[in-house]
1. Just wondering, is there one or more residues in the stretch C:73-81 that are under 30 Å from B:ARG134 (Cα atoms) and either modelled with pLDDT of 95 or more or of a type outside the set (A, V, I, L, M) (or both)?
2. Any residue at all in the stretch B:112-124 that is under 22 Å from B:ALA29 (Cβ atoms) and out of contact with any Pro (no Cβ under 9 Å at 6 or more places or on another chain)?
3. May I ask you to verify whether A:ARG167 is of a type in the set (Lys, Arg) and over 21 Å from the mean Cα position of the chain (by Cα)?
4. Can you tell which of B:ILE157, B:ILE166 is modelled with pLDDT under 95, crowded, with 20+ Cβ neighbours inside 10 Å and within 14 Å of chain A (Cβ to nearest Cβ)?
5. List every residue pair whose Cβ atoms lie under 6 Å apart, where the two residues are 6 or more positions apart in sequence or sit on different chains, the first residue falls within the stretch A:181-194 and is facing chain B (nearest Cβ under 9 Å), and the second residue, located anywhere, is outside any helix (DSSP H, G or I) and hydrophobic (A, V, I, L, M, F, W, C).
6. Which helices (runs of 4 or more DSSP H) sit wholly inside the stretch C:47-150 and have at least 1 residues that are farther than 23 Å from C:GLY32 by Cβ, within 14 Å of chain B (Cβ to nearest Cβ) and of a type in the set (D, E, K, R)?
7. Considering only residues of the stretch A:79-112 that are assigned to a loop (DSSP other than H, G, I, E, B) and at pLDDT 90 or above, which is surrounded by the most Cβ atoms within 10 Å (Cβ to Cβ)?
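The values are calculated or read from the model by the stated rules, or taken from the named source; none is laboratory data. Predicted model, so just to flag it, every value in this text is computed and none were measured. Neighbour counts run over all protein chains shown; Cβ positions are idealised from the backbone, glycine included.
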Amino acid sequence: MTPGDIAAFAQGAVVTVALSVAGILIGLPVGLGLALIRWGKVPVIGRLVALYVSILRATPLVTLLLLLFFALPNVGVPIDPYSAAILALSMNTSAFNCEIWRAALLAFPKDQLEAAMSVGMSAGLRFRRIVLPQIARASLPALVNEMSLLIKVTPVLAVVGVVDITRAAVRIGAETYEPLPPFLVAIALYAPIIFGLVSLQRFIERRHAAAEAA
Amino acid sequence: MIHDFGIVWNERGLLMSGLANTALLSVIAAVVSLLLGAALAPAMMSRRRAVAGAARAFVDAMRCVPFLLFAYIVYYGLPSLGINFDNWSAGLAALMLYNTAYMAEILRGAWAAMPREPIEAGTAFGFSGVRLFRRIILPGLVLSAGPVVGNQLIQIIKDSAFLTIIALPELTHAASSIQSRYYVPFAAFITAVALYWGLCLVVEGGVNVLRRLADARR
Amino acid sequence: MNALPHPVLNVVGVSKSFGALKVLSDISFQVGKGETVCVLGPSGSGKSTLLRCINWLEKPDAGHVYLNGEPVGVTSAGVVMNDHRLSQIRTRIGMVFQHFALWPHLTVLQNLIEAPLQVQRRPKAEIHEEALALLAKVGLEDKRDAFPARLSGGQKQRVGIARALAMRPDLLLFDEPTSALDPELVGEVLVVMRDLAHEGMTMVIVTHEMAFAREAATRVLFLDRGRMVETGTPDQFFSRPATERARQFLQRYAAEAVTAQR
């Protein structure tokens, strides 16, 4: 591999990580917001959120990405590949995160809320001090799992021209007529990140199990 | 906009054939990977360390590799080793192999969570071999693993969309080609999204039936 | 005791080890038709293992088991039986489990019908009729279409007993049938077992229920640390235990039995 190739991979890695982080950072709070809307049983919007989440969880990322990238300019909203990528990633992961947060909210013991209300805590305070810390802890393994899944779908961003690890590998393979080695390098870049997240998830699950047993 | 949907409606043949290909691809991949996974799961639990180690290594490897990258390797990379696939075979092979690992992990988890005493009772009452498996073990596995396998099928349906990149004529590819020919991106892709959603609802319907059967017995 | 001419169960020299731990040492005994044999002993004495060696759920390391003269698990030539032959013999030995072991995906009635239909291949109408009669006998005919998860522990165990009886076994094995039950549910199960004993069913029961053993057993086997230390009629064992180990055991359990009765 030439130094140019290494540079291309490094650049691709930066793009992959940056886009993934952006997607994760946006998707976490948006997912929480959607979950809260459904949990609060807000009349019309709650139903819309349920529909949105159901559709997005059924939609392949590539289809969503192509929809956003080609349809938005058509209705007068210009969008570049990287913004389309972040938007698609965020929409996708926020839908899955919504279900994760919602499961934790539904499992939250009501009597703790009643106890908080009876000592006069406001809704905001109740949420911040009582609910959020616990649901964050309970949701952590599933959220980390979702992060690893997000990284695993980023290769498809190349289809709108984003130059990530996979795109770099494809390009180098096309130039050298030896597609296999760059793909293996790409795996060597993706796998540790994903494996790190999977290990983190297992570690958290073990810590939780130990805490329950104690 | 209505005009755009009119164009999409005219091209519904292409979309339907794409949908059919997506469904076919997904179902075949799911069934085959479930069967292969059922063979791999016992290997993962084998007492022979080499066998268990190899099986678990395969499962962990598939878990850490993005599917699209794996599909690329099967389609573009293997020819350099002399193995040539057309895009259908590559896509199907990639889906089957990749998901074998996930199905094996699902089945392994379901088996580990199954209570042992009812199975032992089966043995004590004279059940053995295939009969023990079919009448005593399998129903429990189907009820507990069924919903998770259903979710994996949904995942397979979505992964199949990646194969548009190797020009496999599935649903997203069909929508893409309609879009690029007639410049109707919104209509084409929204229709595709609606069709994926429909597929997903069908699978979830089946999963809910299993869930209800399981809940009655819990 | 003197050897019986045609014992239903003949256990000869059974030994079993788990790794370095010797759980059973050279156990021999016979059970005649209609007898109710209670196997007693402290925890870890090997009682359950002995029971499970009878139908070869555990493979004895040494010794033989005979059901009505027929060898179980190992043929007289010393060859380990194939699954099919072992299954056939097991259909004649009924077993009731500590944790009930009902098949959760089947209703109560289906639980009773399953093995007679699938393994014994008896006619469906006959099995169905018998199953309903057995459910009536244990007082659960109104639960026939319920799933096991909806039953109480005592109800589940009564279904377990009916399920074993549905096989028309020559011998019934009970592995601590009431140990997993809440105290107030124990009685309903013991009533069924006592009635079975009086009807002449051949039974081997591993239990901690001393009062039941004293009342319903025709013979008591006392196991301690894998050895058969003492055997005799309930009267002999409970009133005039011959060995020191038996005396210690009874002292400990007598106190518990008295407080339980209150």
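1. yes
2. no
3. no
4. Going through B:ILE157, B:ILE166 in turn, just one is modelled with pLDDT under 95, crowded, with 20+ Cβ neighbours inside 10 Å and within 14 Å of chain A (Cβ to nearest Cβ): B:ILE166.
5. What qualifies is A:ILE187/B:VAL65.
6. Filter on the stretch C:47-150 gives C:83-90, C:108-118.
7. By that ranking, first place goes to A:ILE79.
Residue-by-condition table, conditions (1) more than 28 Å from A:PRO29 (Cβ to Cβ); (2) touching a helix residue (DSSP H, G or I) at 6+ places or on another chain (Cβ under 9 Å); (3) at pLDDT below 90:
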| position | (1), (2), (3) |
| --- | --- |
| A:LEU143 | no, yes, no |
| A:THR176 | yes, yes, yes |
| A:VAL185 | yes, yes, no |
| A:ALA191 | yes, yes, no |
| A:VAL198 | no, yes, yes |
| A:ARG202 | no, yes, yes |
| A:ALA211 | no, no, yes |
